[in-house]
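Enquirer: For reference, the structure I am asking about is given below.
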Amino acid sequence: MTTWIFSVVVGAFVVLTTSAVQAQVVIYRWIDTNGTLSFGQTPPGNRQYHAWSLFSAPAPPLVSASQPDETDGNDVLRSTILPPSLDLIGEPLRGQNLAGRDWDEALLNRAELNRANLKGGRFQGASLIEATFEGATLQQTVFQEANLRGANLTMADLRGATIKDANLSGVQAAGAKLQGASVENANLSQADFREADLRGLNLQYVSLVAANLRGANLQGARLGGANMKNADLRGADLRGADLSQVAELTKEQLSAAYLDANTQLPASFGASPTEVPSQWVVRGKISLRSFGR
């Protein structure tokens, strides 16, 4: 009888302990002796630290450490739901399925979200400075008023995303897909959109100052009121784009871009693609190389 009671008590303790671990995990953050920001599940000795409670996701279960060089904190974070106000600078969440999650006002500076599925999620007003979303699924994701300064969006899928009034200055978004995205009033200055798909975008009143648009597809894009000072348009496809009210645009910038008869140019240029002589037609597209100055 004593043995049976002992077994029941031990079993209950194991169940309760396991549930508690799955329900809540504490992550510690501190600055080490070399001034490096560090994370772990064990508080450091003789160092000031901050602690947060993380709550485990319904699925998948918590992952145990499999590599000796990986920290416990990294393993735990692969299967956690984060409180919106949690500051997780530098913590990786790469490759996780986090679709539909609400991250409004979250502090996720330098967070690693490469290849993560964030479709339909919300980051309104979030701070995502230098966060990495390389190859991430961000369809229909809301980034309105978010700060993505210097973020890495290379090859990210942002189709249908809401990026209104957001700060994307200096972002790396080469090869990104943004068809159907809402980017009105966004700051895209010094952004890298090489070879990106920006077809049909409403880029009205967007800052594209010094943006890299080399080889980008801007077919049918609306750029009324946009500032394109020093933007690199070499090889950019501007067929059907509305450039009629663009600010700070020069003929030199368009000298290596491609236009067609439906491209609307600023009136100050004194010519339109329909008036371009036939000798300026290159590979079925129209180049402005021969525009007078």
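Enquirer: Scan the range 220-275 residue by residue and report those that are acidic (Asp, Glu) and surrounded by 19 or more Cβ atoms within 10 Å (Cβ to Cβ).
Expert: Asp232, Asp237, Asp242
Enquirer: Just to be sure before I move on: is Glu184 within 25 Å of Asn230 (Cβ to Cβ), at pLDDT below 95, more than 15 Å from the chain's Cα centre (by Cα) and of a type in the set (Asp, Glu) in the structure I sent?
Expert: yes
For (1) under 26 Å from Pro43 (Cα atoms); (2) at pLDDT 75 or above; (3) assigned to a helix (DSSP H, G or I), each residue gets a yes or a no:
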site	(1), (2), (3)
Ala59	no, no, no
Ser66	yes, no, no
Glu70	yes, no, no
Asn74	yes, no, yes
Ser85	yes, no, no
Arg110	yes, yes, no
Gly125	no, yes, no
Gly135	no, yes, no
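Enquirer: Could you check the range 211-225 and list, in sequence order, the residues that are of a type in the set (A, V, I, L, M) and modelled with pLDDT of 95 or more?
Expert: Ala211, Leu213, Ala216, Leu218, Ala221
Enquirer: Further, regarding this structure: Can you name the residue in the range 153-184 that is part of a loop (DSSP other than H, G, I, E, B), touching a Lys or Arg at 6+ places or on another chain (Cβ under 6 Å) and of a type in the set (S, T, N, Q) and is also farthest from Gln219 (Cα to Cα) among such residues?
Expert: Selected residue: Ser169.
The values are calculated or read from the model by the stated rules, or taken from the named source; none is laboratory data. Predicted model, so just to flag it, every value in this text is computed and none were measured. Ideal geometry is used to build each Cβ from the backbone, glycine not excepted, and the neighbour counts take in all protein chains shown.
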